[in-house]
1. Using modelled amide H (1.01 Å from N, peptide plane; none on Pro or chain starts), what sits under 5 Å from the amide H of THR386, excluding residues fewer than 5 places away?
2. Under 8 Å for C-alpha pairs, at least 6 residues apart: give me the relative contact order for segment 197-324, rounded to a whole percent.
3. Give, as a single signed number, the net charge of other residues whose beta carbon lies under 13 Å from the beta carbon of GLU82, with Lys and Arg counted +1 and Asp and Glu -1.
4. Percent of Cα-Cα pairs more than 23 Å apart in segment 300-391, please.
5. Once you've got the Cα coordinates, tell me which of LYS253/LYS336; LYS239/LYS295; LYS167/LYS369; LYS120/LYS422 are over 30 Å apart.
6. Amide H neighbours of LYS215 under 5 Å, at least 5 residues apart or on other chains, H built in the peptide plane: list them.
7. Among LEU138, PRO71, THR235, which residue has its Cα positioned farthest towards the positive end of the charge dipole of the chain, with +1 placed on the Cβ of Lys and Arg, -1 on the Cβ of Asp and Glu, and the dipole taken about the Cα centre?
8. Order of GLU401, GLU152, GLU318 from fewest to most other C-beta atoms within 10 Å?
Amino acid sequence: MRELKGRIGHWSLAFALLATALAGCKQPDANGGGTSGTTPTAGGTTGANGGATSSGGAAAGGAAANVSLAPPYQGADIVLGEYASLTGDTATFGTSTHNAITMALDEINAKGGVLGKKVKVVVVDDASQTAQAATAVLRLINQNKVLAILGEVASSRSLAAAPICQKAGVPMISPSSTNPKVTKVGDYIFRTCFTDTFQGAVDANFAFNELKARKVAVLTDNASDYSKGLSEAFTTQFKKLGGTITTNSFYGKDEKDFRAQLTSIKAGSPDVIFVPGYYTEVGNIAVQARSLGIKQPMLGGDGWDSPKLTEIGKKYIEGSYFSNHYSPDSPDPRVKKFVADFKKRFGGTPDALAAVGYDAAYVMVDAIKRAGSTDRAKIRDAIASTKKFPGVTGTITIDAERNSLKSITILQIKNGKFAPVKVIAPQ
């Protein structure tokens with residue numbers, strides 16, 4: 001899914017932090033700390049140090065520049081690393097994901113673990129910050145000597161860390177980073193969620209065919225690659241269908257007053273307002289839109305999925321729609337068991353971030369089992385060959401671009417709940 005609201009000013013800080021981490025990381029014990037068949041390539045190019053050159057842009061050139069191929073794994077247990085937003089402005093995403101990963105690994109260990117070993121996870125909080133995501137992954141690889149990496153939920157944080165994993169030859173699965181650029185970093189980078197290219201097109205089809213919208217206003221978070229990418233995919237498909245974009249408006253980081261953009265949107269008389277943002281801003285946008293007399297339904301993506309959405313948006317977000325990874329109300333027995341177990345353990349209904357995190361952990365461990373080894377290249381190959389894995393968010397197949405082919409669920413907000421409307425299979 002997801003893309004952290006861009007923090008352009010943080011890149012200089014990121015490079016400073018990363019330089020410090022690279023220079024000063026302690027080397028852990030040879031046993032992997034207990035805390036947690038090919039050379040890796042990016043675009044088919046192998047680096048001179050045996051690692052991979054990466055196509056991750058500035059993040060790759062800065063953060064991964066001095067990263068070497070990780071040494072063979074020697075841990076007594078199977079130790080996975082997770083970098084997550086346990087605090088900060090997307091903390092609900094990181095917490096849900098981490099809780100579900102923990103639950104999945106406990107279930108796996110109760111059945112004997114994998115390769116005769118227990119599976120553990122070391123989690124590092126990146127505080128919802130792009131710079132800290134890269135530093136967290138360096139720590140997991142260099143200090144904790146993890147076998148593989150799970151994370152991040154936000155695309156910009158995944159884009160900051162993926163070049164490091166790629167260069168080190170450490171497999172990484174993002175549960176919910178939907179920006180297409182993430183897996184293009186290299187052949188050790190995977191996702192178990194759909195991409196924004198698919199999600200944006202599905203949202204456009206839904207608006208045009210189901211909501212009968214012919215005019216749509218788009219309100220994009222201009223500091224977020226997630227929001228911009230989803231907006232672009234939606235706009236392209238909606239125009240292809242014959243629709244018109246009445247207004248293309250933008251907001252920035254930490255913006256709280258959206259009335260100027262909404263006034264312009266109102267003047268265009270759209271049928272639907274597409275807001276590919278995150279729950280905090282979306283909730284506030286809904287409140288301000290209704291205060292201006294805007295009654296048209298809003299539509300968005302998986303960044304809406306948080307209980308905070310209805311806490312903030314209250315009655316003003318009612319009747320709106322968003323695309324998501326699953327519905328906890330699905331009749332699928334796997335989903336029912338997952339929801340019941342999660343509620344019993346954590347006391348609340350698991351959101352989609354929990355569901356994709358749970359699936360990502362199972363896909364990773366399944367790949368390790370099929371690889372029959374802690375050789376990271378073999379694990380990479382096993383992840384790449386994942387076919388029809390039965391997840392709670394649907395059947396997961398990893399394609400040639402290391403993306404997951406899976407369905408999308410459209411939800412409507414009714415009485416403060418997220419009611420399933422339609423499940424759309426990949427084409």
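1. Residues meeting the amide H criterion: ILE398.
2. Computed over segment 197-324, the figure is 26 percent.
3. Result for the local shell: 0.
4. Cα-Cα pairs in segment 300-391 separated by more than 23 Å: 41 percent.
5. LYS253/LYS336; LYS120/LYS422
6. THR244, ASP271, VAL272
7. About the Cα centre, the residue reaching furthest to the positive side is THR235.
8. GLU401, GLU318, GLU152
Any read-out appearing in this document is the output of simple, stated calculations on the displayed coordinates, not a laboratory observation. Please read these numbers as outputs of a predicted model, since none were measured by experiment. Please note: Cβ atoms are built from the backbone with ideal geometry, for glycine as well, and neighbour counts cover all protein chains shown.
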